[in-house]
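The values are calculated or read from the model by the stated rules, or taken from the named source; none is laboratory data. Given the structure is predicted, the values throughout are model-derived calculations rather than measurements. Heads up, the Cβs are rebuilt from the backbone with ideal geometry, glycines too, and the neighbour counts pull from every protein chain shown. Surface areas here come from the heavy atoms of the whole protein model, side chains and all, with no ligands, DNA or RNA. Shrake-Rupley method; radii C 1.70, N 1.55, O 1.52, S 1.80 Å.
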2 protein chains.
Amino acid sequence: MPEKVGFVGLGIMGRPMAKNLMAAGYELVLHNRTREKAETLAAETDADSVAEVADNPREVAERCNVVITMLPGPPEVERVVAGEDGLFAGAKEGSLIVDMSTSSPVLAKDLARQAEERGVRMLDAPVSGGDTGAIAGTLSIMAGGSDEDFERALPLFEVMGGAITHTGPAGTGQVVKACNQIVVALAIEAVSEALVLGSKAGVDPEIVLDALSGGLAASSVMKVKRRNFLERDFEPGGKVKFHRKDLGIALTAGREYGVALPTAAVLDQMFGALMAKGRGDWDHSALITLIEDLSGDHT
Amino acid sequence: MPEKVGFVGLGIMGRPMAKNLMAAGYELVLHNRTREKAETLAAETDADSVAEVADNPREVAERCNVVITMLPGPPEVERVVAGEDGLFAGAKEGSLIVDMSTSSPVLAKDLARQAEERGVRMLDAPVSGGDTGAIAGTLSIMAGGSDEDFERALPLFEVMGGAITHTGPAGTGQVVKACNQIVVALAIEAVSEALVLGSKAGVDPEIVLDALSGGLAASSVMKVKRRNFLERDFEPGGKVKFHRKDLGIALTAGREYGVALPTAAVLDQMFGALMAKGRGDWDHSALITLIEDLSGDHT
């Protein structure tokens, strides 16, 4: 029988991740700020699975040796892990906290240091792949922390994820996730500028994508988001507002580590402009609509 | 016996392209501003191939029904095609001029219009793939012009290229090439910002590349330029100075067609900074050295 696992944060990502763990036979202790979400999920257990609801993160940590967190961002991570009635307050010595939120590398290192002082283990293990990947159990997981803790969490990662990378010591999972978000944002922007230039100059967008897909310009974004660009379907997918949050984390990391991120900074501004235009809940491929807005009449 | 083909511009790209045509049995009429280069190439013919040298583009056009040009940029294209002793001055009615230089979409449309007035046919057919692709005969070719002219040039394209796309009417080949250069520049910049952030934050660059290669962040640049980034080998490849010229063309096209290209404009400035630092002849993956310079100590 697998060990009892705590899960804090049952939003669009956390809920399907927790469900997959339940389906794999793990007994879960659930907590969510809106308690109802935890109760709904606990009620979905069948004969083969067990889940209970805890009142706060401290209680989750008291009842489990491994706790996963999946939260909106750094402030929530700090509060749930190190705040009043947080995981640290309840965690037994030797417990493992796995923060799978996209959060700050510097915060991740700091929490890992605080954990160590308490005899608690910690991994930062953010994911990519969105709610689709969370539902399918095919998330990419980038985990920072010790070899031992990575091995301990691996069976859980294998339930939730596909490509699983141990990126190095504490904080490095968040660093690699920040790198990922920079590269994806720029790839979307590149295709957006190319397609609007092409359209305005009289070239069919499909021809631009096809011609560019054969060479050095080719990218996953061109393939995966092709339909979004061509059919102007901006149902998320990866939301503008979340991607902007992630770029904020990347830019803060750049400040902390003294790294210039000139185009990531421009992209942060552009995602901000999309939010100001009320498109924060659109798919991040909607960057193309901003280039169109800046270029006069839509196509 | 294939028809006689003119070839103007025997630089790092034009020379191997012309050689491949000679090897395929075409009889060539060569011209180069530095005459010596044309003479050297003509002297390399063997028993099966014939090449002669002409004094100027006009003479080339007088002796051939199809002329290919491979020149540094828009000013040279305009001079060779429409200038004194240029191709238009010698071209017979029904002749086909195939400009394979990377040049301005607006100039390409304008020259095609002038050609039409003279009863001359014209294609803009820029390439990507660099000197390696030119030598191997595997260039990607993006050709704008009429269906009929595209079909006429196709056997020549098939000798020089691999992926061959008919992009639409005159000018669209150059538009798609401009799109390509925007996307490649941003892909290199994206990897550069990610790798410098990763390095400064203590993550092995190979781990960053491996973790990002599995998902939405993946790109050809990550694969093709991997060794350049990791081994800091900036032997070209695609030179900084040529890529900057191409971005200049893209930005001018953006002005002409009223398209905002905010990150392409930043990249143009960054390639300019690399040139100011004396790195114009380095491979374009050297963008990473600029991010390092902006981020303090090199790794």
Based on DSSP H runs of at least 4 residues, each adding -39500 (n - 2.57), what is the mean residue ellipticity at 222 nm of chain B after dividing by all its residues, to the nearest 500 deg cm²/dmol? -16500 deg cm²/dmol
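Tally Lys and Arg at +1 and Asp and Glu at -1 over the other residues with C-beta under 15 Å from the C-beta of B:Leu230: what net charge comes out?
Details: positive: B:Lys223, B:Lys225, B:Arg226, B:Arg227, B:Arg232; negative: B:Asp204, B:Glu206, B:Asp210, B:Glu231, B:Asp233, B:Glu235, B:Asp283, B:Glu292.
Summing Lys/Arg as +1 and Asp/Glu as -1 gives -3.
I'd like the carbon and sulfur percentage of the solvent accessible area for segment B:5-169, probe radius 1.4 Å, heavy atoms only, ligands and nucleic acids excluded.
Numbers: 3140 of 6590 Å².
In segment B:5-169, the share of accessible area belonging to carbon and sulfur is 48 percent.
Work out, step by step, the length gained on full extension between A:Leu154 and A:Ala136: first 0.36 nm times the residue separation, then minus their alpha carbon distance; give nm to one decimal. Intermediate values should be presented prior to the final figure.
On the way: separation 18, 0.36 × 18 = 6.48 nm, distance 1.74 nm.
Contour length minus the Cα-Cα distance gives 4.7 nm.
What ranking, highest mean first, results for peptides B:195-202, A:158-165 when packing means the other Cβ atoms within 10 Å averaged over each residue?
Working: B:195-202: 24.0, A:158-165: 20.0.
Packing proxy ranking, top to bottom: B:195-202, A:158-165.
Distance check, please: which entries in A:Lys177/B:Lys245; A:Lys277/B:Lys241; A:Lys19/A:Lys241; A:Lys4/B:Lys200; A:Lys277/B:Lys277; A:Lys19/B:Lys200 exceed 28 angstrom between their Cα atoms? List each step's numbers first, then the result.
Numbers: A:Lys177/B:Lys245 34 Å; A:Lys277/B:Lys241 38 Å; A:Lys19/A:Lys241 25 Å; A:Lys4/B:Lys200 38 Å; A:Lys277/B:Lys277 40 Å; A:Lys19/B:Lys200 37 Å.
Table pairs above 28 Å Cα-Cα are A:Lys177/B:Lys245; A:Lys277/B:Lys241; A:Lys4/B:Lys200; A:Lys277/B:Lys277; A:Lys19/B:Lys200.
Run the numbers for A:Thr252 and A:Val50: contour at 0.36 nm per residue of separation, minus the present Cα-Cα distance, in nm.
Working: separation 202, 0.36 × 202 = 72.72 nm, distance 4.04 nm.
Here the answer is 68.7 nm.
With only Lys, Arg, Asp and Glu charged, each at its Cβ (+1 for the first two, -1 for the last two), find how big the charge dipole of chain A is about the Cα centre; round to the nearest 20 debye.
Details: 29 positive and 43 negative charges, 100 e Å.
Once rounded to the nearest 20, the dipole reads 480 debye.
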Name the chain A residue with the Cβ nearest the axis that maps A onto B: which is it, and what is the distance in angstrom? A:Ser219, 2
Along Cα→Cβ at 7 Å, what distances in nm separate the A:Glu116 label point from those on the other copies, shortest first? 7.2
How far is the Cα center of segment B:107-130 from the Cα center of segment A:48-122, in Å? 64 Å
Provide an ascending nm list, one decimal, of label-point separations from B:Arg227 to the equivalent residue in each further copy; define each label point as 7 Å from Cα along Cα→Cβ. 3.8
Model label zone, A:Ala273; criterion: amide N under 18 Å from point 7 Å along Cα-to-beta-carbon; scope segment A:174-201: A:185-200
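R0 = 51 Å: FRET efficiency of B:Ala163 with A:Ser146, Cβ-based, nearest 0.05? The partial results should precede the final answer.
Values: r = 47 Å, r/R0 = 0.92.
My answer for the efficiency is 0.60.
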Please report how far the C-alpha centroid of segment A:147-184 lies from that of segment B:218-244, rounded to the nearest whole angstrom. 27 Å
With a cut-off of 8 Å between alpha carbons and a minimum separation of six or more residues, what is the relative contact order of segment B:176-294 in percent? 38 percent
Which of the residues in segment A:205-237 show a loss of at least 40 Å² in accessible area from their chain by itself to the complete set of protein chains, at a probe of 1.4 Å? A:Ile207, A:Ala211, A:Leu212, A:Leu216, A:Ala217, A:Ser220
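Mind checking how much accessible area B and A bury in total, 1.4 Å probe, in Å² rounded to 100? Walk me through the numbers before you get to the answer.
Numbers: alone 13650 and 13660 Å², together 22800 Å².
Its buried surface, counting both partners, is about 4500 Å².
Mind checking the per residue accessible area of segment B:5-169 for me, 1.4 Å probe, whole number of Å²? Kindly include the intermediate steps, with their values, before the conclusion.
Numbers: 6590 Å² over 165 residues.
That works out to 40 Å² per residue.
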Simple SL model, points at 7 angstrom along Cα→Cβ for B:Glu231 and B:Glu39; separation in nm is 3.9 nm
In the protein assembly as shown, taking the dipole from +1 charges on Lys and Arg beta carbons and -1 charges on Asp and Glu beta carbons about the Cα centre, the listed residue (A:Ala134, B:Ile164, A:Gly272) farthest towards the positive end is A:Gly272
Taking each label point as 7 Å beyond Cα in the direction of the beta carbon, state the distances from A:Arg35 to the same residue in the other copies, shortest first, in nm. 9.5
Skipping prolines and chain starts, which residues have an amide H placed within reach, meaning under 5 Å, of the one on A:Ile164, given they are 5 or more residues away or on another chain? A:Ile141
In whole Å, largest first, what are the principal axis extents of the Cα atoms in the protein assembly as shown? 90, 44, 38
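Suppose all protein chains stay in the model; what accessible area per residue would a 1.4 Å probe give for segment B:176-294, in Å²?
Numbers: 4000 Å² over 119 residues.
Counting only protein heavy atoms, the per-residue value for segment B:176-294 is 34 Å².
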Write down the percent of antiparallel bridges among all DSSP beta bridges whose residues are both part of segment B:5-169, to the nearest 5. 10 percent
Any number yet on Rg/Rh for segment A:11-85, C-alpha, Kirkwood? 0.94
State to the nearest 20 debye the size of the charge dipole of the protein assembly as shown about its Cα centre, where the only charges are +1 on K and R beta carbons and -1 on D and E beta carbons. 720 debye
Taking 37 °C and 0.692 mPa s as the conditions, I'd like the Stokes-Einstein D for chain A in µm²/s, using the Kirkwood hydrodynamic radius from alpha carbon pairs. 163 µm²/s
Relative contact order for chain A, counting Cα pairs under 8 Å that sit 6 or more residues apart, in percent: 13 percent
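Over all directions, the average projected area of the alpha-carbon convex hull for segment B:1-141 comes to how many nm²? Kindly include the intermediate steps, with their values, before the conclusion.
On the way: hull surface 30.3 nm².
Taking a quarter of the hull surface, the average projection is 7.6 nm².
If N is the number of residues in segment B:81-182, what value comes out of its Cα radius of gyration divided by 2.2 N^0.38 Å?
With N residues counted in segment B:81-182, Rg over 2.2 N^0.38 Å equals 1.02.
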Share of antiparallel DSSP beta bridges in chain B, in percent to the nearest 5? 15 percent
Of all beta bridges DSSP finds with both residues in the protein assembly as shown, what is the antiparallel percent, to the nearest 5? 15 percent
